[in-house]
1. Out of the residues in the range 162-213 that are on the phi > 0 side of the Ramachandran plot and touching a residue at least 40 places away in the same chain (Cβ under 8 Å), which is surrounded by the most Cβ atoms within 10 Å (Cβ to Cβ)?
2. Out of G273, G260, G313, G269, report the one residue that is within 28 Å of R224 (Cα to Cα), within 16 Å of the ligand (Cβ to nearest atom) and of a type outside the set (A, V, I, L, M, F, W, C).
3. Across the range 43-57, what is the number of residues that are among the small types (G, A, S) and crowded, with 17+ Cβ neighbours inside 10 Å?
4. Any residue at all in the range 274-282 that is free of Cβ contacts under 8 Å to residues at least 60 places away in the same chain and crowded, with 18+ Cβ neighbours inside 10 Å?
5. Is it the case that some residue within the range 118-130 is free of Cβ contacts under 8 Å to residues at least 40 places away in the same chain and within 16 Å of the ligand (Cβ to nearest atom)?
6. Kindly indicate whether any position in the range 225-234 is within 16 Å of the ligand (Cβ to nearest atom), in contact (Cβ under 8 Å) with a residue 40 or more places away in the chain and closer than 27 Å to Y402 by Cα.
7. Can you find even one residue in the range 292-308 that is over 27 Å from R80 (Cα atoms), assigned by TED's automatic domain parsing to the domain that holds V112 and either within 16 Å of the ligand (Cβ to nearest atom) or of a type in the set (K, R) (or both)?
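The values are calculated or read from the model by the stated rules, or taken from the named source; none is laboratory data. In this text, all values refer to a predicted model and were calculated from it rather than measured experimentally. Quick reminder, even Gly has a Cβ in these numbers, built from the backbone with ideal geometry, and neighbours come from all protein chains shown.
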Amino acid sequence: MSQNQTLFERAQRVIPGGVNSPVRAFRAVGGTPRFITRGDGAYIHDADGQRYIDYIGSWGPMILGHGHPAVLEAVISAAREGFSYGAPTEREIELAEEILKLVPSMEQVRLVSSGTEATMSAIRLARGATGRSKFIKFEGCYHGHTDALLVKAGSGLATFGHPTSAGVPEEVAQHTLVLEFNHLAQLEEAFLLHGKSLACVIIEPIAGNMNFVRTQVAYMKRLRELCTEYGALLVLDEVMTGFRVGLHSAQGHYAQLIPGFKPDISVFGKVIGGGMPLAAFGASREIMKHLAPLGGVYQAGTLSGNPVATACGLATLREIQKPGFFEALTAKTRSLVDGLAAVAKENGVPFSVDCEGGMFGFFLMDKLPQEYQTVMTTDKERFNHFFHAMLDAGVYLAPALYEAGFVSAAHSDADIAATLAAAKHALR
Ligand code: PMP
């Protein structure tokens with residue numbers, strides 16, 4: 001038996017499903033999850049000594065690849081000084097300053113330990129600041145596993161909250177209105193019906209939790225207008241896109257396309273922690289003053305602003321600001337997706353791709369889908385087959401068709417070429 005299998009069986013005895021986060025279990029694609037022993041640069045290695053070109057990058061954070069020397073040095077030196085104090089440190093200010101410098105829509109930021117915590121707190125803040133309860137989310141967008149956000153449900157316009165997870169009472173989800181992504185008429189109608197009681201609308205600007213689906217520019221523009229008109233706050237969940245699709249995140253891209261565009265509240269995670277548990281949410285001073293200890297919206301955390309995590313995040317953010325960083329990363333990602341599209345075309349496989357910065361998605365269909373239902377019509381069998389053929393060839397893609405992929409600065413042209421060679425074989 002392989003070491004991966006042995007470990008998976010052992011894990012299943014003591015950890016539900018053998019994993020600490022469901023998608024790692026390979027349920028969607030079948031087969032044995034790989035137990036990772038170490039990562040270096042663009043590669044991860046499993047318990048059987050197999051090396052993989054890593055296109056997950058811990059689901060986004062590892063934008064510099066694994067074990068980047070400057071980040072490693074910062075983490076080791078911070079750890080030597082202490083792991084956690086439960087008292088403020090200067091590095092938290094430095095990280096906050098660094099984030100705010102790159103995201104002009106925010107004047108203040110609060111650091112937390114996970115994306116889930118950050119979105120949960122952003123919703124609470126929006127509710128506290130507006131004095132309203134209801135909010136809109138979109139089908140196919142994932143914002144962490146907070147109760148009120150674990151609602152996907154049959155979209156349907158006036159349908160409030162049917163929890164998609166057991167253990168979430170209907171009452172908890174009753175204020176969550178779920179709409180179809182990119183469906184303008186539905187959005188207009190929802191605001192007409194509920195606009196005055198909406199605390200906020202939360203959206204992934206590029207939905208990485210249904211692979212890679214952009215919010216259409218006209219849709220984002222109208223969403224911003226409607227929020228302003230009805231006094232609802234626009235919350236951009238940039239946990240995945242933040243500092244990943246560009247130095248100024250997805251909101252930077254939309255601000256270039258929609259004059260004056262900015263969200264009211266932004267949520268970050270993944271890259272800002274560089275692989276350590278760190279996330280953040282921020283807004284104008286006017287909105288942030290509602291947070292404890294200044295205001296009545298309570299929010300706290302024993303490990304919030306952790307000294308080792310902030311060192312890791314800060315070193316990462318400094319690296320990605322070096323001249324030419326995003327240009328090079330974008331070119332690399334572009335060459336990967338263009339190459340994949342060409343290989344698919346040669347083999348007559350329906351295929352569409354999109355990317356921004358170091359984030360990409362591909363679909364086994366001719367046209368890029370614009371919402372969740374279409375994403376889910378992907379030929380699953382074919383995807384699973386492709387996934388396993390790539391894995392066998394040493395290329396680690398996300399083990400589910402509705403997940404985005406990530407390229408790091410450590411991926412070389414040779415890695416991209418090897419990936420395309422593997423894809424050629426797999427798609428044949
Ligand atoms: N929001 C988005 C857009 C995400 O992609 C994720 C996680 N993939 C989360 C929130 C939750 O973050 P975490 O897993 O750190 O709780």
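1. Quick first cut of the range 162-213, residues on the phi > 0 side of the Ramachandran plot only: 167, 182, 211.
After this cut, where a residue has to be touching a residue at least 40 places away in the same chain (Cβ under 8 Å) as well, the list is 182, 211.
Values: N182: 21, N211: 24.
Across the range 162-213, the extreme among qualifying residues is N211.
2. Details: G273 fails: within 28 Å of R224 (Cα to Cα); G260 fails: within 16 Å of the ligand (Cβ to nearest atom); G313 fails: within 28 Å of R224 (Cα to Cα).
Of the residues listed, the single one that is within 28 Å of R224 (Cα to Cα), within 16 Å of the ligand (Cβ to nearest atom) and of a type outside the set (A, V, I, L, M, F, W, C) is G269.
3. The initial filter retains those residues of the range 43-57 that are among the small types (G, A, S), namely 47, 49, 57.
Those still in the list that are crowded, with 17+ Cβ neighbours inside 10 Å too: 57.
Result for the range 43-57: 1.
4. Of all residues in the range 274-282, those free of Cβ contacts under 8 Å to residues at least 60 places away in the same chain come to none.
Taking every residue of the range 274-282 in turn, none turns out to be free of Cβ contacts under 8 Å to residues at least 60 places away in the same chain and crowded, with 18+ Cβ neighbours inside 10 Å.
5. Our first condition is that a residue be free of Cβ contacts under 8 Å to residues at least 40 places away in the same chain; within the range 118-130, this holds for 120.
If we keep only those that are within 16 Å of the ligand (Cβ to nearest atom) as well, we get 120.
Looking through the range 118-130, at least one residue is free of Cβ contacts under 8 Å to residues at least 40 places away in the same chain and within 16 Å of the ligand (Cβ to nearest atom).
6. Scanning the range 225-234, I find no residue that is within 16 Å of the ligand (Cβ to nearest atom), in contact (Cβ under 8 Å) with a residue 40 or more places away in the chain and closer than 27 Å to Y402 by Cα, so the answer is no.
7. We begin by selecting, within the range 292-308, every residue over 27 Å from R80 (Cα atoms); these are 292-299.
Checking which are assigned by TED's automatic domain parsing to the domain that holds V112 leaves us with 292-299.
When the remaining residues are screened for being either within 16 Å of the ligand (Cβ to nearest atom) or of a type in the set (K, R) (or both), the result is 299.
Among the residues of the range 292-308, at least one is over 27 Å from R80 (Cα atoms), assigned by TED's automatic domain parsing to the domain that holds V112 and either within 16 Å of the ligand (Cβ to nearest atom) or of a type in the set (K, R) (or both), which makes the answer yes.
Table: residues versus (1) modelled with pLDDT of 95 or more; (2) within 18 Å of P350 (Cα to Cα); (3) crowded, with 17+ Cβ neighbours inside 10 Å.
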| residue | (1), (2), (3) |
| --- | --- |
| Q370 | yes, yes, yes |
| M376 | no, yes, no |
| F386 | yes, yes, yes |
| E403 | no, no, yes |
| S408 | yes, no, yes |
| A417 | yes, no, no |
